[in-house]
Amino acid sequence: MTTSPLERAADSFAAELGRHRIERGLSKKQLATLMGFDPSYVSHVESRRHRPTEDFARRAEAVLEAGGAIWQRFKEYDDLRHARASQPHRDAPVPGQWMPPGTGLIVEHEFASLTYRDDVYHCVIRRALYNAGTEPVTRYLARVAVDRYPNDPGRSNRHHRDHPLTFAELQLRAYRDDRGEREPMHWRAKHDRDAFKEFWLLFENAEGRFPLYPGDRATIEYEYCVGQEKWGRWFQRAVRVPTRALDVRLDLPATADPQVWGLETSLSAEEGPLRTPVTRHDEDDRAIFEWSTENPPLNARYRLQWRFRAAPVPPVHPGSPSDGARLRASDRMRAAGIVQRGADLLRQPVRQLDLPHEAEIARDVVDRLRAALTDLDEVHRFSKGVGLAAPQLGYSCAVVVVRPPDRSADPVVLLNPRVVDASPDTDEQYEGCLSFFDHRGLVPRPLRLDVEHTHPDGSRLITSFEFGMARLVAHEVDHLEGRLYVDRMAPGVPLVPVEEYREAGHAWRY
């Protein structure tokens, strides 16, 4: 059985469509949703029961980012269908993006900037818009979402429930910019939730209305502020309307030694690294990170994340008490909520938990210790591992969390720990303490430690620790007994000021 050239061309189009859909990991239903078609129509086209239309081909090409392959197959089919010999050849350009049904607005260029200064994040979003539809545009939907602890949803939800984001603190301002003339825009709230705000930017103000008419262009800009206690260390852009170009800029303090990386995801792909690198350049005391992309697919999400490998140095104003001097290391720990040497609590033995009856208390203290260790990564880089005992956060109970030097390993949680055996072999290494961070001291410790501790259900077990972990655990168990590392030092051995300590950034040697 033979087929006509037209049938073969339709078959080629269907095969090309199916191949690109499968490569993108989309079901027929997902593709139909992205294209704005009924799922059965996509299925019929792929099975050759329906012939493709120009609108269908344009949308499929744009959504699947086929590099022109789907559009080329359609042109071959369409040329045959219209009998090229009798009709002029139609050579429409390959669409760079398609417009969902009922939407005529295109973002020709978005520039998103986030600046961190004086413990406040200042965000500016600038979008160049083009109304390619048939109706005037009178409002634009915008969103602000915060997530203080993106890797710990439960903790983040509790935090924002206790400290909700408010429209008042955003200090939201918006403008329409036409050829350099800025016209203030009013806004109206749509959704008001603890960690999420959605609002309409209105093409109007007290002086009048200025809709964006079909065929016209305008740039809108809006800005807002969020304190660092509510804003997590991430900045995400989501493509919700057809967008030609996207530029993202982070402005962070260079003194904080920021490290920035990026992730992207879409409806057809799992989360992965950005396809192009984030670039950095420094301007005076600022670290500027920039990233851009062209023709991003609809519903794609791009997220820049960062961590500070040193504590940002706060601004010093002439004549202030700290003018000409930086904060001491212990001041930064105190600002992070760590109880400092001299407090009575650090010299008192803590109480044992009554487990399993106090299991909920234990879990809460563990959560707070683990969260504090995560926050401390913004203050210092702990290359030797780090531990935190409950009294260092103001809790008089026997709970310890120790994070090994290997950051990929899970933190060790010890409830009611008690040393039951120790190796006679010891060594001396320099230690620091979050509660006494201005100095380092040479401390002898056993090379092996056997510790009995309790599970939340009340059962007990013994865990053995060696070398660096033995030192870390011994240090934290001392805190539960009211001891500091200086109590373990040999008489006459001097402390080393942290400014003179030369082993920062290096692991202990065994």
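Overview of values
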{"read-out": "Values of log10 I(q)/I(0), in the order q = 0.10 Å⁻¹, for the chain under a Debye, Cα-only, solvent-free model", "value": "-0.93"}
{"read-out": "Folded to 0 to 90 degrees: helix 69-81 orientation relative to the chain principal axis, Cα", "value": "10"}
{"read-out": "Sum of -39500 (n - 2.57) over DSSP H runs of 4+, divided by residues of the chain (222 nm, nearest 500)", "value": "-6500 deg cm²/dmol"}
{"read-out": "Rg ratio (alpha-carbon, reference 2.2 N^0.38 Å) - segment 15-55", "value": "1.04"}
{"read-out": "Test item: Cα-centred dipole of segment 5-81, Lys/Arg +1 and Asp/Glu -1 on Cβ, debye", "value": "220"}
{"read-out": "Net charge, A238 excluded, C-beta distance under 9 Å - Lys, Arg +1, Asp, Glu -1", "value": "+4"}
{"read-out": "Cα point-scatterer Debye curve for segment 105-308, base-10 log of I(q)/I(0) at q = 0.08, 0.17 Å⁻¹", "value": "-0.29, -1.31"}
{"read-out": "Per-peptide average of other Cβ atoms within 10 Å, ordering 229-237, 336-344 highest first", "value": "229-237, 336-344"}
{"read-out": "Relative contact order [Cα under 8 Å, 6+ residues apart], the chain, whole percent", "value": "10"}
{"read-out": "0 to 90° range, to nearest 10: angle between helix 153-162 axis and the chain longest Cα axis", "value": "80"}
{"read-out": "Degrees, to the nearest 10: 359-376 long Cα axis against longest axis of the chain", "value": "80"}
{"read-out": "Top positive-direction residue, dipole computed over the chain with Cβ charges, set L6, H455, G482", "value": "L6"}
{"read-out": "Charged-residue dipole, Cβ positions (Lys, Arg, Asp, Glu), segment 329-500 about Cα centre, Debye nearest 20", "value": "180"}
{"read-out": "Normalised alpha carbon radius of gyration of segment 5-81 [divisor 2.2 N^0.38 Å]", "value": "0.96"}
{"read-out": "Distance histogram for segment 329-500 (every C-alpha pair counted, 10 angstrom bins, percent rounded to whole numbers)", "value": "10, 40, 39, 10, 1"}
{"read-out": "Cβ-based charge dipole, the chain, positive-most Cα from H159, A60, H82", "value": "H82"}
{"read-out": "Cα centre as origin, Lys/Arg/Asp/Glu Cβ charges: the chain dipole, Debye", "value": "1140"}
{"read-out": "15 Å beta-carbon shell around D367, net charge (K/R +1, D/E -1)", "value": "+1"}
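Values in this text are rule-based calculations from the coordinates and carry no lab data. No experiment lies behind these values; they were computed from the predicted model shown. Backbone-built Cβ (ideal geometry, glycine too); neighbour counts: all protein chains shown.
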